[in-house]
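The values are calculated or read from the model by the stated rules, or taken from the named source; none is laboratory data. Since we're looking at a predicted model, the values are computed, not measured. Here Cβ is always computed from backbone atoms with ideal geometry, including for glycine, and neighbour counts include all displayed protein chains. Note: areas computed on protein heavy atoms with side chains; ligands, DNA, RNA excluded. Shrake-Rupley method; radii C 1.70, N 1.55, O 1.52, S 1.80 Å.
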Amino acid sequence: MIYRFLDSKYALLAVAERRLRISRISQLNDEFEFIGLALNRKERKDLREMREHLGRKSGIISMSSDWHSPLLWAHYADNLRGIALGFEIAGPGFYPVEYRAVRPTLGDLGLRSLSDITTRQIKSLMRMKFDAWSYEKEVRGFFNFEQGEKINGEQHFFRSFEGTVSLKRVIVGPRCTVSRSTVADALGELGSDVETIKARPAFKSFSIVKNLNEKSWQ
């Protein structure tokens with residue numbers, strides 16, 4: 001199971017439309033995405049151009065292997081007012097991020113120049129992040145942009161729940177005011193196959209857990 005944290009509005013929209021938005025590389029919140037190598041000036045320029053080329057035709061969907069972290073709820077689910085969507089993954093497509101304390105050099109990759117980089121090494125670079133981000137326990141999928149949809153004047157791309165990802169849980173945050181019936185309406189015919197959870201802070205640990213008091217969520 002992997003989890004996507006969202007504001008409640010967008011989580012409910014994603015459930016109702018049975019799809020997730022693919023993020024553009026240029027809009028990710030880590031400035032070192034895809035350019036985490038320690039390089040000289042020319043190599044940095046070349047790697048940035050490589051990132052821009054990738055970003056024109058593909059993007060990522062970021063999830064986490066953990067839904068219990070209060071940091072994830074605070075940072076990515078509207079300060080605990082949002083919703084986490086839990087998915088089962090069928091087949092390849094999502095990969096765990098590799099966290100590093102030090103930026104590797106070309107030599108560390110066994111390369112003499114950036115022009116020698118292989119597709120496998122590019123994919124590894126796309127999964128590399130500074131280890132300060134390790135609390136996210138990120139799992140990311142890479143998807144090509146196909147037919148887009150213009151929303152508020154900007155082109156957006158989506159990945160359907162069908163195939164690679166299958167929705168299995170909807171976890172309503174501790175501060176979220178979305179009702180049980182609103183979640184049920186968004187799920188529709190998926191309701192019988194998807195577990196719905198109201199979350200709360202744990203009593204004895206720094207964790208977000210399932211609220212076993214069913215009456216507390218109307």
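Quick check on the chain: helices-only [θ] at 222 nm, where DSSP H runs of length 4 and up contribute -39,500 (n - 2.57) each and the sum goes over total residues. Nearest 500, please. About -6500 deg cm²/dmol.
Taking a sphere under 14 Å around the Cβ of Glu88 and counting the other residues whose Cβ falls inside, with K and R at +1 and D and E at -1, yields a net charge of 0. The GluC sites (Glu not before Pro) of the stretch 143-218 that meet both conditions, a loop assignment by DSSP and at most 11 other Cβ atoms within 10 Å of the site Cβ, are Glu146, Glu162. Looking at the stretch 1-75, the GluC sites (Glu not before Pro) that sit in a DSSP loop and have at most 11 other Cβ atoms within 10 Å of their own Cβ are Glu31. Projecting label points 7 angstrom from Cα along Cα→Cβ for Ala101 and Arg81 puts them 3.9 nm apart. Accessible surface of the chain, 1.4 Å probe: 51 percent of it comes from carbon and sulfur atoms.
Considering only Asn29, Asn144, Asn79, the Gaussian network model of the chain with Cα springs below 10 Å gives its largest mean-square fluctuation to Asn29. Candidates Gly107, Ile2, Gly91 compared by Cα position along the dipole of the stretch 1-116: farthest toward the positive end lies Gly107, with charges placed on Cβ.
For the stretch 139-208, the set of chymotrypsin sites (Phe, Trp or Tyr not before Pro) satisfying both a DSSP loop assignment and a count of at most 12 other C-beta atoms within 10 Å is given as Phe203, Phe206. For the pair Gln121 and Thr182, how long in nm is the line joining their label points, each one 7 Å along Cα→Cβ? With each label placed 7 Å out from Cα toward Cβ, I get 5.0 nm. On a per residue basis, the stretch 79-163 carries 60 Å² of accessible surface, using protein heavy atoms and a 1.4 Å probe.
Let me know the shape class of the stretch 167-207, please: from the alpha-carbon gyration tensor, a ≥ b ≥ c as square roots of the eigenvalues, rounded when a/c is under 1.5, otherwise prolate if a/b is greater than b/c, or oblate. Oblate is the answer for the stretch 167-207, as a/c is 1.5 or above yet b/c matches or exceeds a/b.
Distance between the C-alpha centers of the stretch 150-164 and the stretch 59-94? Whole Å please. Each part reduced to its Cα centre gives a spacing of 18 Å.
Taking 16 Å as the cut-off, the amide N atoms of the stretch 49-77 that come nearer than this to a point 7 Å along the Cα-to-beta-carbon line of Phe145 belong to 49-61.
In this structure Ile61 has an accessible area near 0 Å², from a 1.4 Å probe over the protein heavy atoms.
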